[in-house]
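Enquirer: Okay, here's the structure, questions in a sec.
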Amino acid sequence: MLDFSPSPEIAALTARVRGFIDEVVIPREAEVAAEPGRLETIRGELQQAARAAGVFAPRVPCQFGGLGLDWRDSALVFEAAGRSLLGPQALNCAAPDEGNMHLLHAVGSAEQQARYYAPLARGQVRSCFAMTEPAPGAGSDPAMLTTRAVRDGTEWVIDGDKWFISGAHGAAFAICMARTEAGPTLFLVDAGNPGFEILTLTPTLDHAFPGGHCEVRFAGCRVGDDAVLGEVGKGYEYAQLRLGPGRLTHCMRWLGIAGRALDIAMDYVNRRDSFGKRLAQHQEMQRLVAESAIEMHASRLMIWQAAWCLDRGQQALHETSMAKVFVAEAVNRIVDRAVQMCGARGISEYLPLANFYREIRGFRIYDGATEVHRASIGIRLLRQARDDA
């Protein structure tokens, strides 16, 4: 028999995280909106508060100062944290750092974990993952990778341009994917390396990522063998190790925003009168609420099942791809309905819905565009049907 109930400990932790988000984090949103330049400072203050509340670093192993949750339990906590755009930053479970921590813990050497993973897990630094390139380089198709790393004596020399590198401005280091003779390889590059340059901060629809989305250049960037993350030539394999769970944690966090948007809309229609009765008494409002609640429920179950697969040691590429497609589109619809339910107030800055609307749009593109995931799902299913015939 399937048991969907969390343990009493995780239920209590999730409630504590939700209380922390509602009482400590959400009240700070107005400060960031008024002074975006203070985001880094406020992020540090909220992380201190999260430590004091015992909710910091839910996925980080206990020996590194975290809570050591598995994927299934993380789904509950990440959703609660995601009720605010600042929540994952406060708990140190935000992209791209969360995915980089997972990768460093999985394949990093002891020295790399001490130098890069430990300060990242403690929230002392930020990081970025440099894979996406300008055309004709790697985007949704990583096989188009053009950045190269060539061995020169005891060093590697990396050359290539990257763009839409989230969090690059202010990051302490980058995990860079480059092509070598042995195949794609991941390199750890300190931000202070003279061969690493941030060219520009790309103006985008969304603004919630600390460090924005940047164009960066690796030009004659020299690193030693100790900068190779894992083994030479296994970059694609390691990227999948990071991206599968990474796209699922995006689903967890954004589902929190969808839930809050629905709460805001339901509160509004329960108080607003129109055509002689409360908006909530109109059948169309009831339909919008029901559709959003159904999609929230279906999204949550897909996330939990994919998380269960990860906890069993499976790669879960199929499950995380399906969750990414469904949840990304569901979240966009739920927030869109919330805006519509609140009418003119929904598109105003009096409510956070307009900001949510801006921020969620990119979710259907990054970590694999919806169309690419659909194609991959279809290819796998058709191949399986052919092989089973």
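Enquirer: Among the listed residues 197, 291, 295, identify the single one that is among the acidic types (Asp, Glu) and closer than 30 Å to residue 152 by Cα. Spell out how you get there, then give the answer.
Expert: Numbers: 291 fails: closer than 30 Å to residue 152 by Cα; 295 fails: closer than 30 Å to residue 152 by Cα.
Every option except 197 fails the conditions.
Enquirer: For residue 255, state whether it is open to solvent by less than 60 Å² (accessible area, probe 1.4 Å), in a helix (DSSP H, G or I) and within 26 Å of residue 26 (Cα to Cα).
Expert: Numbers: open to solvent by less than 60 Å² (accessible area, probe 1.4 Å): yes; in a helix (DSSP H, G or I): yes; within 26 Å of residue 26 (Cα to Cα): yes.
Judged against the criteria, residue 255 is a match.
Enquirer: Being of a type outside the set (Asp, Glu) and surrounded by fewer than 16 Cβ atoms within 10 Å (Cβ to Cβ) is the filter here; which residues of the stretch 346-357 pass it?
Expert: Within the stretch 346-357, the first condition is being of a type outside the set (Asp, Glu), and the residues that meet it are 346-348, 350-357.
Result: 347, 348, 350.
Enquirer: Residue by residue through the stretch 1-22, note down the ones that are in a helix (DSSP H, G or I), open to solvent by less than 50 Å² (accessible area, probe 1.4 Å) and more than 18 Å from residue 46 (Cα to Cα). Give the steps one after another, and end with the answer.
Expert: So in the stretch 1-22, the residues in a helix (DSSP H, G or I) come out as 8-22.
Cutting the leftovers down to open to solvent by less than 50 Å² (accessible area, probe 1.4 Å) gives us 10-11, 13-14, 17, 19-21.
10, 11, listed by residue number.
Enquirer: When you go through 52, 80, 90 one by one, which is the residue that is assigned to a helix (DSSP H, G or I) and over 17 Å from residue 252 (Cβ atoms)? Quick ask: steps written out before the conclusion?
Expert: On the way: 80 fails: over 17 Å from residue 252 (Cβ atoms); 90 fails: over 17 Å from residue 252 (Cβ atoms).
Among 52, 80, 90, only 52 is assigned to a helix (DSSP H, G or I) and over 17 Å from residue 252 (Cβ atoms).
Enquirer: Does residue 286 fit the bill of being polar (S, T, N, Q) and at pLDDT 95 or above? Spell out how you get there, then give the answer.
Expert: Details: polar (S, T, N, Q): yes; at pLDDT 95 or above: yes.
When the stated conditions are applied, residue 286 passes them.
Enquirer: Then there's this: Got a number for residues in the stretch 265-299 being under 30 Å from residue 102 (Cβ atoms) and open to solvent by 60 Å² or more (accessible area, probe 1.4 Å)?
Expert: Residues of the stretch 265-299 under 30 Å from residue 102 (Cβ atoms): 295-299.
Okay, now just the ones that are also open to solvent by 60 Å² or more (accessible area, probe 1.4 Å), so 297.
Qualifying residue count for the region: 1.
Enquirer: Could I ask something else about it? Restricting attention to the stretch 44-72, and to residues there that are open to solvent by 20 Å² or more (accessible area, probe 1.4 Å) and touching a helix residue (DSSP H, G or I) at 6+ places or on another chain (Cβ under 6 Å), which single residue is nearest to residue 207 (Cα to Cα)?
Expert: Only one residue tops the list, namely 49.
Enquirer: Is there a residue being hydroxyl-bearing (Ser, Thr, Tyr) and open to solvent by 30 Å² or more (accessible area, probe 1.4 Å) anywhere in the stretch 319-335? Break it down stepwise before answering.
Expert: Looking only at the stretch 319-335, we keep the residues that are hydroxyl-bearing (Ser, Thr, Tyr), and these are 320-321.
Imposing the further condition that a residue be open to solvent by 30 Å² or more (accessible area, probe 1.4 Å) reduces the set to none.
No, because not a single residue in the stretch 319-335 is hydroxyl-bearing (Ser, Thr, Tyr) and open to solvent by 30 Å² or more (accessible area, probe 1.4 Å).
Enquirer: Right, another one. Give the residues of the stretch 27-42 that are touching a helix residue (DSSP H, G or I) at 6+ places or on another chain (Cβ under 9 Å) and in contact (Cβ under 8 Å) with a residue 60 or more places away in the chain, sorted by residue number.
Expert: 29, 33, 39
Enquirer: On to the next question. All but one of (1) in contact (Cβ under 8 Å) with a residue 24 or more places away in the chain; (2) open to solvent by 60 Å² or more (accessible area, probe 1.4 Å) hold for residue 75; state the number of the condition that does not hold.
Expert: (2)
The values are calculated or read from the model by the stated rules, or taken from the named source; none is laboratory data. All values derive from a computational prediction rather than experimental measurement. Cβ coordinates were reconstructed from backbone atoms using ideal geometry, including for glycine residues, and neighbour counts include every protein chain displayed. Only protein heavy atoms, including side chains, enter the accessible area calculation; ligands, DNA and RNA are left aside. Shrake-Rupley method; radii C 1.70, N 1.55, O 1.52, S 1.80 Å.
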